[in-house]
Ligand code: SAM
Ligand code: DTB
Ligand code: SF4
């Protein structure tokens, strides 16, 4: 099947509603055409500045609006971050993603100097560097790119219509503006969302529709399953996500973004090995790797390596030269 960019909501819905194996047949054809090797990218996550965030994202352990068990921590020292990145690389990660619980960063912020120093150090290790720091202005984006960031993670999280139900301290358009700044600065964009927050299937597909309108397309599309955090508004309201709904969304994401890493993200501790296998079969080709996400647990590295081995996948090989973004996820 040819690459299909900018599918409309109606087209996404007709794909989504196909009999499951017909949908997977379509997504596998796209997958095979663009990703001939059975590889999964391993990306390790590190929270370099934890908790105390001014934003009220209703799923998040790190928001200061809610009483979660989390202990806030200041920005980590560069050496400690580099130690973690070296361990991640030795374990097989080719991408290192650092998160900070900030509303955002501006070009003149002192904290940006520190983050740029950390980014440059991780880039020297020969890994893709991803950061997720909240909103960016043009100058912050330019400086992060110059320091060596490969990809900026900024999730749309859900549809524009549902977004105000989960966050009130910034808007969906703010998210789009930051993605624009990251793209104008030449960083690849990692953007996806969360399922299980009470949104409808239409909300999930609307999110993909908006992402499909980005130019260039996202280089990575994370699909997170809600991890309920006690103390947050979604701590006891989050709905269990049906595995076939997750698989369908991954398959539609694969068809919509043929060249992107479709990243099976938060929530894997509650998925069976078989469920994860089906997600890979439908088109997921990247995971977060290592026993912790930002604050929440993730499967143990050894268990993931065994799962990939059992399925005949190889972790993506270490880079000799890390590719510089530029059209990686763009439509052919
Ligand atoms: N502060 C930055 C921001 O908002 O973009 C970066 C950190 S934020 C924790 C990164 C993403 O993690 C969120 O956009 C959301 O998609 C995901 N996430 C956070 N908490 C989650 C949870 N409890 N369950 C599933 N995904 C979650
Ligand atoms: C993304 O989409 N998922 C990752 C990464 N991007 C930064 C974060 C998941 C966070 C899960 C909840 C936690 O660890 O607090
Ligand atoms: Fe802050 Fe990001 Fe968590 Fe929202 S998702 S509360 S912006 S750390």
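The values are calculated or read from the model by the stated rules, or taken from the named source; none is laboratory data. In this text the structure is predicted, and so the values were computed from the model without any measurement. With ideal geometry, Cβ positions are generated from the backbone for all residues, glycine too; neighbour counts draw on all protein chains shown.
A few comments on the model shown:
- Residue match in the stretch 180-188 (condition: closer than 25 Å to residue 287 by Cα, within 12 Å of ligand 1 (Cβ to nearest atom) and at pLDDT 95 or above): yes
- If you check 292, 314 for being loosely packed, with under 14 Cβ neighbours inside 10 Å, within 16 Å of ligand 3 (Cβ to nearest atom) and touching a residue at least 40 places away in the same chain (Cβ under 8 Å), only one passes: 292.
- Selection count where residues are surrounded by fewer than 17 Cβ atoms within 10 Å (Cβ to Cβ), within 16 Å of ligand 2 (Cβ to nearest atom) and under 30 Å from residue 79 (Cα atoms), scope the stretch 16-67: 2
- Residue match in the stretch 80-97 (condition: touching a helix residue (DSSP H, G or I) at 6+ places or on another chain (Cβ under 6 Å), touching a residue at least 40 places away in the same chain (Cβ under 8 Å), more than 15 Å from ligand 1 (Cβ to nearest atom) and on the phi > 0 side of the Ramachandran plot): no
- In the stretch 101-118, the qualifying residues are those that are within 15 Å of ligand 1 (Cβ to nearest atom) and crowded, with 18+ Cβ neighbours inside 10 Å, and the one that is farthest from the chain's Cα centre (by Cα) is 112.
- Some residue of the stretch 295-303 being surrounded by fewer than 24 Cβ atoms within 10 Å (Cβ to Cβ), touching a residue at least 24 places away in the same chain (Cβ under 8 Å) and within 16 Å of ligand 3 (Cβ to nearest atom): yes
- Residue check, residue 61 in a loop (DSSP other than H, G, I, E, B), within 13 Å of ligand 1 (Cβ to nearest atom) and on the phi < 0 side of the Ramachandran plot: yes
- Taking the conditions (1) within 24 Å of residue 60 (Cα to Cα); (2) crowded, with 22+ Cβ neighbours inside 10 Å in turn, residue 239 satisfies each one other than (2).
- Residue that is surrounded by the most Cβ atoms within 10 Å (Cβ to Cβ) [pool: residues in the stretch 259-279 that are away from ligand 3 (no atom under 16 Å from the Cβ), farther than 11 Å from residue 24 by Cβ and within 16 Å of the chain's Cα centre (by Cα)]: 262
- Looking across the stretch 181-210, the residues that are within 16 Å of ligand 2 (Cβ to nearest atom), assigned to a helix (DSSP H, G or I) and touching a strand residue (DSSP E or B) at 6+ places or on another chain (Cβ under 7 Å) come down to 182, 204, 207.
- Residue ID - nearest to residue 303 (Cα to Cα), chosen from residues in the stretch 83-110 that are assigned to a loop (DSSP other than H, G, I, E, B) and within 15 Å of ligand 2 (Cβ to nearest atom): 93
- Pairs are defined by a Cβ separation below 7 Å, a sequence spacing of at least 6 or placement on different chains, a first member in the stretch 213-232 that is under 15 Å from residue 6 (Cα atoms) and touching a residue at least 60 places away in the same chain (Cβ under 8 Å), and a second member that is within 16 Å of ligand 3 (Cβ to nearest atom) and not in a strand (DSSP E or B); the pairs so defined are 218/191.
- Of all residues in the stretch 119-144 being surrounded by fewer than 20 Cβ atoms within 10 Å (Cβ to Cβ) and assigned to a helix (DSSP H, G or I), the one that is nearest to the chain's Cα centre (by Cα): 123
- The lone exception for residue 66 - which of (1) touching a helix residue (DSSP H, G or I) at 6+ places or on another chain (Cβ under 8 Å); (2) in contact (Cβ under 8 Å) with a residue 40 or more places away in the chain; (3) in a loop (DSSP other than H, G, I, E, B) it fails: (1)
- Any hit, the stretch 157-171, residues being within 25 Å of residue 276 (Cβ to Cβ), within 16 Å of ligand 2 (Cβ to nearest atom) and within 19 Å of the chain's Cα centre (by Cα): yes
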